[in-house]
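The values are calculated or read from the model by the stated rules, or taken from the named source; none is laboratory data. These numbers come from a predicted model, not from an experiment. With ideal geometry, Cβ positions are generated from the backbone for all residues, glycine too; neighbour counts draw on all protein chains shown. Just the protein is used for accessible areas: all its heavy atoms, side chains included, with ligands, DNA and RNA removed. Shrake-Rupley method; radii C 1.70, N 1.55, O 1.52, S 1.80 Å.
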Amino acid sequence: MLDRCMGARLPGSSHVDALEVLLQGLCGGLRETIKVHEICLKTGPNLGAVASEVHLCCSLSQPEPVWSVRHVGGAMRGAGADQLPALVRPVLEAGISNNSLRFMYSLGYKLDYEMLRTGFSFQLHKTVPIAVTITISVTAVHRLPKIHAVDDPQPVTPGLQMVQVSAPASPDNYSEVVGAISGLAEYLAPLVHLSKPGVPAGIVPTASTAAAALVSRGGITKVL
């Protein structure tokens, strides 16, 4: 699978509420909760000269934890890739059993870091110009003070949320998928500025006004 992604930072709870209202209307209200314990493993010296890393992800948003393994390859390079508004990279992901961490250690992988990601996501299903499912996630990243201490997370960037837009594609249609992601980015532009990972996005000047208007119309009720 090839992955296309754009990202941004979103400051303040009102901006997050406003983006949720906007995405509920755009995607039909199909909100999914994100609570993922992510463990990054790197290869040891006995696994070849070229270092690589994999991520073991444990979803904690369901009654029973669900494990998966994910490998993200390097970004596509070249003049054509530089001109694309979204990052293009190969991604491999598969479900695994709950004893996989012990298995990866036995292969020679070493723990590099781990984190907890919390937030929510929506999926937008588009059919024009091609059929594609775009995932929009809004998450906060937390460090763990002790190994696997998911019950005591500490926010890495308090008050800031990461917005990521991604979609699967193939070598034959990645240009169309990038176009679909770019179109969504333009739609969200009054509230959040999306850019390639690694490219500073900054804060949208109209974000506060747009957020206040959206939350007011959305009628969000908070339970404290």
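Numbers for the structure displayed
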quantity: Paramagnetic reach from Lys196 in segment 160-188 [backbone N under 15 Å; point 7 Å along Cα→Cβ]; calculated: 175, 178-179, 182
quantity: Estimated inter-spin distance, Glu32 and Glu64, nm [label 7 Å along Cα→Cβ]; calculated: 1.8 nm
quantity: Residue-wise HN-Hα coupling along segment 117-133, computed from phi with Karplus coefficients 6.51, -1.76, 1.60 (Hz; x: Gly, Pro); calculated: 10, 10, x, 8, 9, 10, 10, 10, 9, 10, 10, 10, x, 9, 7, 8, 10
quantity: Amide N proximity, segment 106-135 versus Val150 label position 7 Å along Cα-to-Cβ, cut-off under 14 Å; calculated: 114-119
quantity: Accessible area of segment 18-142 belonging to carbon and sulfur atoms, whole % at 1.4 Å probe; calculated: 55 percent
quantity: Computed lengthening from Ala79 to Leu107, 0.36 nm per intervening residue step minus Cα-Cα distance; calculated: 6.3 nm
quantity: Backbone HN-Hα couplings from phi across segment 63-75 [Karplus 6.51/-1.76/1.60, Hz, Gly and Pro as x]; calculated: x, 10, x, 10, 9, 8, 10, 9, 10, 10, x, x, 5
quantity: In order through segment 160-175: 3J(HN,Hα) via Karplus (6.51 cos²θ - 1.76 cosθ + 1.60), integer Hz, x for Gly, Pro; calculated: 10, 10, 9, 9, 10, 10, 9, 7, x, 7, 10, x, 8, 10, 5, 5
quantity: Amide proton proximity set for Ile96, modelled H, under 5 Å, gap of 5+; calculated: Trp67, Ser68, Val69
quantity: Net +/- balance of residues flanking Gly108 in space, Cβ distance below 14 Å, scoring K and R +1, D and E -1; calculated: +1
